[in-house]
């Protein structure tokens, strides 16, 4: 299973999760537009961000099994968790639900 398949499965689970207010896939990188390179997104921003009932933000950095976040991604996760968010790296629907909580 590749990262995009895992990400799709997680997004499907999040849309069915009663505690998730919203969730979206983010895009980061660079594209060439009108002859210039343009940066997209915030470096280190997780692949999926959203909000839980009660207003807590969450972020899920999606990785293939066995892979780890980059140093920049790990720093972003640490920054957000230090300020009350629920952020982490995941490699499956189960690991995503371990982070945000399973439906009641």
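Those residues that are outside any helix (DSSP H, G or I) and out of contact with any strand residue (DSSP E or B) (no Cβ under 7 Å at 6 or more places or on another chain), I need them from region 1-40; list them, please.
1, 2, 17, 18, 32, 33, 34, 35, 36
Out of all the residues in region 77-98, which are in a helix (DSSP H, G or I) and within 11 Å of the chain's Cα centre (by Cα)?
77, 96, listed by residue number.
Kindly indicate whether any position in region 75-82 is touching a residue at least 12 places away in the same chain (Cβ under 8 Å) and surrounded by fewer than 15 Cβ atoms within 10 Å (Cβ to Cβ).
Yes, some residue in region 75-82 is touching a residue at least 12 places away in the same chain (Cβ under 8 Å) and surrounded by fewer than 15 Cβ atoms within 10 Å (Cβ to Cβ).
Do we find that residue 53 is surrounded by fewer than 17 Cβ atoms within 10 Å (Cβ to Cβ), in contact with a strand residue (DSSP E or B) (Cβ under 7 Å, 6 or more places away or on another chain) and at pLDDT 95 or above in this structure?
yes
For region 20-29, check the following and say yes or no: at least one residue is touching a residue at least 12 places away in the same chain (Cβ under 8 Å), in contact with a helix residue (DSSP H, G or I) (Cβ under 7 Å, 6 or more places away or on another chain) and over 24 Å from residue 65 (Cβ atoms).
Looking for residues that are touching a residue at least 12 places away in the same chain (Cβ under 8 Å), in contact with a helix residue (DSSP H, G or I) (Cβ under 7 Å, 6 or more places away or on another chain) and over 24 Å from residue 65 (Cβ atoms), one finds none in region 20-29, hence no.
Checking the conditions here, which among 59, 101 is at positive phi and either surrounded by 14 or more Cβ atoms within 10 Å (Cβ to Cβ) or touching a helix residue (DSSP H, G or I) at 6+ places or on another chain (Cβ under 9 Å) (or both)?
From the options 59, 101, the qualifying one is 101.
Just checking, how many residues over region 83-96 are in contact with a strand residue (DSSP E or B) (Cβ under 9 Å, 6 or more places away or on another chain) and surrounded by 15 or more Cβ atoms within 10 Å (Cβ to Cβ)?
Summing the residues that are in contact with a strand residue (DSSP E or B) (Cβ under 9 Å, 6 or more places away or on another chain) and surrounded by 15 or more Cβ atoms within 10 Å (Cβ to Cβ) in region 83-96 gives 9.
For region 25-41, what are the residues that are within 19 Å of residue 90 (Cα to Cα) and surrounded by 11 or more Cβ atoms within 10 Å (Cβ to Cβ)?
Once the filter is applied, which keeps residues that are within 19 Å of residue 90 (Cα to Cα) and surrounded by 11 or more Cβ atoms within 10 Å (Cβ to Cβ), region 25-41 yields 25, 26, 28.
Determine, yes or no, whether residue 59 is modelled with pLDDT under 95, within 20 Å of residue 8 (Cβ to Cβ) and in contact with a strand residue (DSSP E or B) (Cβ under 9 Å, 6 or more places away or on another chain).
no
Among the residues in region 61-74, are any without any contact (Cβ under 8 Å) to a residue 24 or more places away in the chain, within 22 Å of residue 1 (Cα to Cα) and in a loop (DSSP other than H, G, I, E, B)?
Yes.
The values are calculated or read from the model by the stated rules, or taken from the named source; none is laboratory data. The structure displayed is predicted, hence computed values, not measured ones. With ideal geometry, Cβ positions are generated from the backbone for all residues, glycine too; neighbour counts draw on all protein chains shown.
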